[in-house]
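Worksheet: the structure to be examined is printed underneath.
A short reminder: the numbers here are calculations on the coordinates, not readings from a lab. Note that the structure is a prediction, hence the values are computed from the model and not measured. Don't worry about glycine lacking a Cβ; one is built from the backbone with ideal geometry, like all the others, and counts go over all protein chains shown.
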Amino acid sequence: MSKLQTPRLILREWQDSDIPVFVAMNQDPKVMEFFPELWSEEKSRDCVANFRKHFAENGFGFFAVELKENQEFIGFVGILKVPFESHFTPAIEIGWRLASKHFGKGYATEAAREVLEFAWDELHLKEVVSFTTESNLASRRVMEKIGMVRDVKDDFLHPKLDENHRLSKHVLYRIANPS
Ligand SMILES: CC(C)(COP(=O)(O)OP(=O)(O)OC[C@H]1O[C@@H](n2cnc3c(N)ncnc32)[C@H](O)[C@@H]1OP(=O)(O)O)[C@@H](O)C(=O)NCCC(=O)NCCS
């Protein structure tokens, strides 16, 4: 599978040694602030298995992200087929989740820019979307910094959440292939 790199990061396939760190991340309230609940170990393990399957079936997915300076696994950034139906699907989403000690260093933006180049140059995608709950301002800022644009007419209620849930209202950002 493809391996990407940026000045500070390597985006690569998942290794078994990433899993304990990923399990701990998904039990960190700072990482999971905008998710309905913390994840069990089983849910995190299933998630990594699904990421690997998605790569095997599609040739792209959510990459494990590693720091070049010390090979530390710090989370994921990548693109995925949106796994539910909504007004904007079928679509390919770009997404990210990092360990909280690495927030605020520009890593998500740096990795996401490289992933978009991969989406355009290697996969020849026409468009990539991203979405998050309305109050997740850090994630929205990453979307804006990589050139994505929100149209309020695209806002939607997440189909897997009750419509009255505090996280239900989602914003959608889009970016088109520049070529
Ligand atoms: C979203 C996430 C990946 C961002 O990663 P990151 O490496 O810290 O992102 P960057 O440093 O590249 O950029 C973050 C930007 O958001 C801004 N930001 C952070 N917290 C913010 C807040 N509460 N309100 C407004 N802006 C905020 C930062 O200032 C920065 O913008 P700037 O460069 O203009 O100053 C990280 O916070 C994370 O993993 N969160 C938990 C998981 C998650 O919510 N994933 C997204 C689900 S849709």
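Computed values, structure above
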item	result
Residues located in segment 79-103, provided they are over 21 Å from residue 18 (Cα atoms) and within 11 Å of the ligand (Cβ to nearest atom)	93
Some residue of segment 36-45 being in contact with a helix residue (DSSP H, G or I) (Cβ under 7 Å, 6 or more places away or on another chain) and among the aliphatic types (A, V, I, L, M)	no
Selection count, segment 33-60, where residues are in a loop (DSSP other than H, G, I, E, B), within 16 Å of the ligand (Cβ to nearest atom) and surrounded by 14 or more Cβ atoms within 10 Å (Cβ to Cβ)	4
Some residue of segment 153-175 being part of a strand (DSSP E or B), in contact (Cβ under 8 Å) with a residue 24 or more places away in the chain and over 16 Å from the mean Cα position of the chain (by Cα)	yes
Among (1) in contact with a Ser or Thr (Cβ under 6 Å, 6 or more places away or on another chain); (2) among the β-branched types (Val, Ile, Thr); (3) surrounded by fewer than 17 Cβ atoms within 10 Å (Cβ to Cβ) - the single one residue 142 does not satisfy	(3)
Total residues in segment 83-114, condition of a type in the set (Val, Ile, Thr) and either in contact with a strand residue (DSSP E or B) (Cβ under 8 Å, 6 or more places away or on another chain) or farther than 20 Å from residue 131 by Cβ (or both)	2
Cβ-Cβ under 7 Å pairs, at least 6 apart or on other chains, segment 136-150 side closer than 19 Å to residue 92 by Cβ, far side among the basic types (Lys, Arg)	146/113; 148/174; 149/174
One residue from 139, 135, 130 being among the hydroxyl-bearing types (Ser, Thr, Tyr), in contact with a helix residue (DSSP H, G or I) (Cβ under 9 Å, 6 or more places away or on another chain) and more than 11 Å from residue 172 (Cβ to Cβ)	139
